[in-house]
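The values are calculated or read from the model by the stated rules, or taken from the named source; none is laboratory data. Bear in mind the structure is a predicted one, so any value in this text is a computation, not a measurement. We place every Cβ from the backbone using ideal geometry, glycine too, and count neighbours over all the protein chains shown.
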Amino acid sequence: MLSIDTIAVFYKELQAIWDVSLDVNDGEIVALVGPNGAGKTTILRVISGLIQPSAGKISFQGQNISHVPPHKIVELGLSQVPESGKIFTGMSVLENLELGAYVARARKDRSASLARVFEIFPRLAERRNQLAGTLSGGERQMLAIGRALMSEPRLLMLDEPSFGLAPILVEHMFETIRKINQQGLTILLVEQNVQASLELAHRAYLLENGRIVGEGKGKELLSFESVRSAYLA
Amino acid sequence: MFEGLSQNLVFGILVGSLYGLAAMGLSMIFGVTKLLNVAHGELIMFGGYACFWAFSLLDIDPFLTIPLAMLALFLIGAVLYSLIFSRTIKLPDESKVKNSLLVAFGLSVILQNLALRFWTADERGVTPAYYQTSFTALEVRFPLVRLASFAVALIFLIALRLFLKNTYTGKAIRATVQNWEAASLMGIDIHKVYLLSFSIGAALAGVAGTLVVTNYSIQPAMGLGWTMKALIVMVLGGLGSIPGTFIGGLILGVTESATSFFINSNYREVAGLILFVLVLIFRPQGLFGTKES
Amino acid sequence: MSTKQIIYLALIAVILVGLALFPFMTQDDSTFNLVILVFLYMTLASSWNILGGYTGQTNLGHAAFFGAGSLATRLLWVGGFPAVPSILAGGVIAVALALAIGIPAFKLKGVYFAIGTLALALILNITIGNVFPEMSYNPAISDYQIVPRYYLFLGLTVITIAAAYFLVNSRWGLGMMAVREGEEAAESLGISALRHKLLALAASAFFAGLAGSAFAYYHVSYYLNMPFGPEWTFDPMMMAYIGGTGTVIGPIIGSIFFVGLKQLLVWNVGEYHLIIFGVLFILIVLFLPGGLVEAWKKYQRWFTRWYQRRNTSPRNVIGTGHLP
């Protein structure tokens with residue numbers, strides 16, 4: 001579904017990503033794990049079109065999207081929940097969700113999508129008229145995911161959905177992601193929480209210093225000695 | 001004494017609504033794009049000339065020329081943004097404000113001299129048949145033209161608020177202001193949002209221009225004075241608050257008329273400028289703005 | 001001293017001697033007026049550049065200092081004071097004004113400083129116009145001589161440019177440029193941003209004030225608030241940008257260019273030089289922030305590379321390679 005072929009990314013003169021290739025197949029949960037500063041967020045930003053790769057190719061459902069602007073990528077069905085949610089704090093919960101369905105393809109189904117999001121996150125339904133800035137950390141993350149779901153994506157990218165959440169909420173968050181996936185949505189997950197995300201993912205890539213250093217079935221990677229010693233010790 | 005004062009106050013409020021409208025376009029552009037278009041006064045002037053032309057050549061009622069002036073200025077705004085201002089949009093905030101300010105100064109020089117070429121340096125005004133009509137209540141005179149202008153200003157401010165609050169496009173604009181990156185992840189084409197906001201801001205200047213030429217007069221050198229009024233009101237009202245901007249306009253209008261009444265009408269503009277400098281130094285977030293992070 | 005420096009010094013000497021001998025070559029008043037206008041703009045643009053170009057503080061109220069200098073000189077001189085102390089008083093008054101508004105004005109950063117100074121100059125412009133509504137006539141109109149005025153402007157221009165040159169090449173100048181690149185970084189190096197900005201403002205105001213004094217001594221009759229008009233800020237600012245801000249030579253080139261263009265276009269199409277100048281200014285700000293100076297440097301670099309490439313073209317290399 002999504003295929004990244006040896007991309008390189010520069011921030012001004014500084015190279016952040018070297019020769020990264022990865023694939024996400026239909027229906028999968030793929031995790032991209034690695035330490036802070038490895039370049040995980042950068043890869044999601046490149047896929048979303050927020051920055052341009054200087055080499056390599058990104059294709060989504062057979063279409064080359066390497067140099068397509070961000071808003072058109074959303075239109076194609078590729079949505080991202082950015083790091084720490086980036087919800088519109090000055091707007092109501094409902095307005096945030098409506099903006100999720102901004103693209104023409106999603107706008108016509110927006111009441112159905114809204115009902116679905118409220119079913120997944122009943123909390124959001126309770127707070128629909130509240131200003132998003134008044135939500136708790138967990139609720140904000142729900143809103144960010146709900147907002148992305150409103151665009152009816154075919155592939156959803158999540159950047160650190162567990163960041164800053166209490167342990168009990170983290171578990172709940174991963175459960176929700178599994179549920180969304182079982183309903184047929186393909187997922188690319190970026191996480192620092194290696195244990196939980198490798199348990200959840202069908203496949204995973206390990207990223208260090210801007211390069212892919214390992215790849216495998218999620219649970220297999222979990223048993224790798226290097227992974228165990230580096231992340232789970 | 002008292003009647004003179006209340007008459008003065010009423011005129012201050014009536015003209016203040018026009019100041020609020022003049023600032024609304026500038027504030028809209030600055031709030032969304034962080035471009036400081038100091039050629040705003042020249043856009044107001046062009047709106048005034050559009051009304052003047054339509055009135056004197058086609059004999060259209062000045063208030064009915066408003067859609068025309070809006071459309072003309074919307075298009076001018078779109079062209080100016082695409083040709084000039086879009087080239088500074090990707091700079092970091094501080095140099096964006098500075099470069100847009102400089103570019104807009106160059107633009108104001110150009111527009112002012114173009115106006116000289118097209119319309120000469122003469123002062124122009126429009127005087128419809130009902131120009132002298134006025135009502136009197138509680139011994140205070142309300143000229144019809146000024147009352148109508150007040151209503152127009154109020155209608156546009158409410159319409160803008162409703163547009164930003166309730167339409168999908170308005171929400172997209174607000175989302176872009178709050179976080180352009182997240183907005184583009186919603187599928188919003190932020191460059192279109194910038195273009196649209198700039199054009200709407202210019203269109204609002206067009207409306208203000210028709211009211212200026214109907215209530216007062218216009219001439220090619222008027223730009224800087226009106227840019228300053230709009231800047232003063234924008235700073236008084238604080239950014240991003242439509243009611244704040246309207247009230248800022250009323251404060252400037254009343255300040256000016258009080259200065260005329262108590263001191264001397266030659267100093268009315270000075271009073272506004274002094275207020276402006278004081279607010280800049282002591283309360284840069286504006287009288288009604290809140291400190292943003 | 002390098003050969004290049006000697007050539008530059010010789011060139012400057014030739015230009016100065018030429019300008020000093022200029023009154024012996026022409027008697028034509030309009031030529032004098034034109035050259036004086038160039039000198040006036042050079043002084044204003046160079047003095048604007050000290051604060052706006054080297055220190056990075058976009059001052060949109062430069063006309064206030066020009067106006068203050070001219071007002072002080074004109075009032076004293078018309079009041080019967082001798083010309084020389086009247087002219088010096090103009091510079092002093094401008095510095096006093098600069099120091100009075102400097103501390104509150106520098107509370108404003110970036111664009112707020114720009115619009116704040118613009119507002120201050122407008123306040124003075126309107127107020128002076130209200131206080132002195134009458135036209136001011138030159139008292140020496142019967143024996144008005146252009147030549148001493150010419151030398152006054154020549155001297156002022158040379159002093160301003162020389163002062164700007166030595167200031168920006170001093171330790172203070174380095175500090176000013178550090179402030180331009182980033183106040184916080186400068187402060188962390190122990191450079192007081194406020195002190196450097198105040199010094200730059202005072203120097204900038206002093207020469208603008210003297211320009212105003214010379215203007216008051218030169219101009220026959222005008223309204224006293226006319227030198228406070230915003231065009232005395234915007235035109236020199238555009239000249240500095242078109243020539244190249246943050247360089248000594250930039251404002252000089254910009255001023256000559258501005259007056260030259262004005263002459264050329266007035267002869268041809270009327271008063272359209274400002275439209276073309278505005279377009280050029282926008283293009284420079286958008287695409288060539290270093291102005292004509294940068295354009296020249298780019299051309300030189302391109303030329304050097306082109307020249308080198310021509311002399312080390314593949315044919316030559318292959319030719320030597322095939323030597324037995």
Handout entry: Among (1) surrounded by 20 or more Cβ atoms within 10 Å (Cβ to Cβ); (2) within 14 Å of chain A (Cβ to nearest Cβ) - the single one B:Val126 does not satisfy
Key = (2)
Completion exercise
All-but-one check, C:Ala211 against (1) of a type in the set (A, V, I, L, M); (2) over 21 Å from C:Phe81 (Cα atoms); (3) in contact with a helix residue (DSSP H, G or I) (Cβ under 6 Å, 6 or more places away or on another chain), failing number (2)
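Conditions tested, residue by residue: (1) closer than 19 Å to C:Gly209 by Cβ; (2) within 19 Å of the chain's Cα centre (by Cα).
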{"site": "C:Lys4", "(1), (2)": "no, no"}
{"site": "C:Ser30", "(1), (2)": "no, no"}
{"site": "C:Ser46", "(1), (2)": "yes, yes"}
{"site": "C:Asn49", "(1), (2)": "yes, yes"}
{"site": "C:Gly56", "(1), (2)": "no, yes"}
{"site": "C:Leu60", "(1), (2)": "yes, yes"}
{"site": "C:Gly67", "(1), (2)": "yes, yes"}
Exercise for the section: Please state which of the following conditions A:Glu160 fails to meet, knowing it meets all the rest: (1) out of contact with any Asp or Glu (no Cβ under 6 Å at 6 or more places or on another chain); (2) on the phi > 0 side of the Ramachandran plot. Expected result: (1)
Fill in the blank from the handout: Checked against (1) out of contact with any Gly (no Cβ under 6 Å at 6 or more places or on another chain); (2) surrounded by fewer than 21 Cβ atoms within 10 Å (Cβ to Cβ); (3) not small (Gly, Ala, Ser), B:Leu239 satisfies every condition except (1)
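Can you name every residue in the range C:125-163 that is more than 21 Å from the chain's Cα centre (by Cα) and either within 14 Å of chain B (Cβ to nearest Cβ) or part of a helix (DSSP H, G or I) (or both)? First the steps, then the outcome.
Kept after step one, since they are more than 21 Å from the chain's Cα centre (by Cα), are these residues of the range C:125-163: C:126-148.
Those that are more than 21 Å from the chain's Cα centre (by Cα) and either within 14 Å of chain B (Cβ to nearest Cβ) or part of a helix (DSSP H, G or I) (or both): C:Ile126, C:Thr127, C:Ile128, C:Gly129, C:Asn130, C:Val131, C:Phe132, C:Pro133, C:Ile146, C:Val147, C:Pro148.
Would you confirm, using the coordinates I've provided, whether C:Gly260 is in contact (Cβ under 8 Å) with a residue 60 or more places away in the chain and either within 14 Å of chain B (Cβ to nearest Cβ) or under 25 Å from C:Thr31 (Cβ atoms) (or both)?
Details: in contact (Cβ under 8 Å) with a residue 60 or more places away in the chain: no; either within 14 Å of chain B (Cβ to nearest Cβ) or under 25 Å from C:Thr31 (Cβ atoms) (or both): yes.
So C:Gly260 fails the test.
Please verify whether the range B:209-232 includes one or more residues that are more than 14 Å from every other protein chain (Cβ to nearest Cβ), under 23 Å from C:Val111 (Cβ atoms) and either in contact (Cβ under 8 Å) with a residue 24 or more places away in the chain or of a type in the set (Gly, Ala, Ser) (or both). Write out each step before concluding.
Narrowing the range B:209-232 to residues more than 14 Å from every other protein chain (Cβ to nearest Cβ): B:209-219.
Cutting the leftovers down to under 23 Å from C:Val111 (Cβ atoms) gives us none.
No, because not a single residue in the range B:209-232 is more than 14 Å from every other protein chain (Cβ to nearest Cβ), under 23 Å from C:Val111 (Cβ atoms) and either in contact (Cβ under 8 Å) with a residue 24 or more places away in the chain or of a type in the set (Gly, Ala, Ser) (or both).
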Fill in the blank from the handout: In the range A:182-223, anything hydrophobic (A, V, I, L, M, F, W, C), within 18 Å of the chain's Cα centre (by Cα) and assigned to a helix (DSSP H, G or I) is listed as A:Val194, A:Ala196, A:Leu198, A:Leu200
Handout entry: Some residue of the range C:90-108 being of a type in the set (Phe, Trp, Tyr) and in a loop (DSSP other than H, G, I, E, B)
Key = yes
Problem - the range B:79-121, subset within 11 Å of chain C (Cβ to nearest Cβ) and not in a helix (DSSP H, G or I), residue surrounded by the fewest Cβ atoms within 10 Å (Cβ to Cβ) - result: B:Ala121
Completion exercise
Listed by first then second residue, the pairs whose first member lies in the range B:271-293 and is more than 10 Å from chain C (Cβ to nearest Cβ) and within 28 Å of B:Gln178 (Cβ to Cβ), whose partner is modelled with pLDDT under 65 and surrounded by fewer than 18 Cβ atoms within 10 Å (Cβ to Cβ), with beta carbons under 6 Å and at least 6 positions apart or on separate chains, are B:Gln285/B:Lys291
Handout entry: C:Pro289, sole failed condition from (1) out of contact with any helix residue (DSSP H, G or I) (no Cβ under 6 Å at 6 or more places or on another chain); (2) within 14 Å of chain B (Cβ to nearest Cβ); (3) assigned to a helix (DSSP H, G or I)
Key = (3)
Exercise for the section: Sort out which residues of the range B:233-259 are of a type in the set (S, T, N, Q) and away from every other protein chain (no Cβ under 13 Å), and write them in order of number. Expected result: B:Thr245, B:Thr255, B:Ser257
Handout entry: Some residue of the range C:60-78 being out of contact with any Cys (no Cβ under 7 Å at 6 or more places or on another chain), part of a loop (DSSP other than H, G, I, E, B) and surrounded by fewer than 16 Cβ atoms within 10 Å (Cβ to Cβ)
Key = no
Problem - Subset tally (residues that are modelled with pLDDT under 85 and of a type in the set (Val, Ile, Thr)) for the range A:195-233 - result: 1
